[in-house]
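S.K.: Below is one structure. I have some questions about it.
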Amino acid sequence: MRKRILLLEDEQAIADTLIYALQSEGFEVRHVRLVGEALKAWEDEPPDLAVLDVGLPDGSGLDVCRAIRKTSELPIIFLSARHEEIDRVLGLELGADDYVVKPFSPREVVARVRAILRRSGSIGGPPAPVPGPDALVLDEAAQRIACMGSVLALTRYEFQLLATLMRRPERIFSRSELMDLVWGGAADTSDRTVDAHVKLVRAKLRDRGLREDVIQTHRNMGYSIRRTG
């Protein structure tokens, strides 16, 4: 069965390029232009992933994300002309899985869609490993991390952050090291970016029932992760 993508984008030229790119890769696309239409489409026929523009005539894709997150862990990618760090952090804190700044390559967006669906277990890949109680398991081949017996729904940067820490348990990584290793020198990253993502990852681990705070903060030094399992 083809995976369904909900596309919320009011600029027809951008929408057309994304629709073509997604359909060429075998996805089914439902395109809407307004916040109200997106919410109705989501309720009528829940998609497998939503691509939401931030700036819209009747509101923002952020509003749609807030509504969805009340009841669903649906994978979400934001599209925006806003490139400031605060906008990206806000989108991620609301629960988005990725944030793409315009102008962008449609093929890059498709690649991100596929990666997020693969990490969430919606397409392809071998079964996720099943960890024991109070354990985290990193599956490098499938690009997944399991916690308490289920795969975590992580954004690209959340996955890279947690995986980086898990590869070297007990090793303290400074914030600048994590920015280099996880964000790869991306513009507009800062200590706040790292701290915000650590906060999001900790929340997802708690949601899976991992009560122990395995990600440790070392004052004026950085972060490390305890061994689990």
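The values are calculated or read from the model by the stated rules, or taken from the named source; none is laboratory data. Not measured: the values here are computed from a predicted model. All Cβ positions, glycine included, derive from the backbone under ideal geometry; neighbour counts span all protein chains shown. These accessible areas exclude ligands, DNA and RNA; they are computed on the full protein's heavy atoms, side chains included. Shrake-Rupley method; radii C 1.70, N 1.55, O 1.52, S 1.80 Å.
S.K.: Pairs under 6 Å by beta carbon, first residue closer than 14 Å to residue 148 by Cβ in the range 200-211, partner part of a loop (DSSP other than H, G, I, E, B), six or more apart or different chains?
M.R.: Cβ pairs passing all conditions: 204/152; 208/148; 209/148; 210/148.
S.K.: Given the structure, is residue 51 open to solvent by less than 40 Å² (accessible area, probe 1.4 Å) and out of contact with any helix residue (DSSP H, G or I) (no Cβ under 6 Å at 6 or more places or on another chain)?
M.R.: In short, yes.
S.K.: Ok, one more. Tell me, which residue of the range 34-48 that is within 20 Å of residue 98 (Cα to Cα) and of a type outside the set (Asp, Glu) is surrounded by the most Cβ atoms within 10 Å (Cβ to Cβ)?
M.R.: 38
S.K.: When you scan the range 144-154, do you find a residue that is at pLDDT below 85, out of contact with any Leu (no Cβ under 7 Å at 6 or more places or on another chain) and at positive phi, even just one?
M.R.: yes
S.K.: Could you please give the count of residues in the range 11-33 that are of a type outside the set (Val, Ile, Thr), open to solvent by less than 60 Å² (accessible area, probe 1.4 Å) and closer than 14 Å to residue 52 by Cα?
M.R.: Adding up the residues that qualify gives 3.
S.K.: May I pose another question? So if I check each of 90, 74, 79, which one is within 19 Å of residue 56 (Cβ to Cβ), among the hydrophobic types (A, V, I, L, M, F, W, C) and at pLDDT below 80? Give the derivation first.
M.R.: On the way: 74 fails: at pLDDT below 80; 79 fails: at pLDDT below 80.
Sole residue among the options that is within 19 Å of residue 56 (Cβ to Cβ), among the hydrophobic types (A, V, I, L, M, F, W, C) and at pLDDT below 80: 90.
S.K.: If you don't mind, another one. Could you please let me know if residue 32 is modelled with pLDDT of 95 or more and within 21 Å of the chain's Cα centre (by Cα)?
M.R.: No; evaluated as a whole, the condition is false for this residue.
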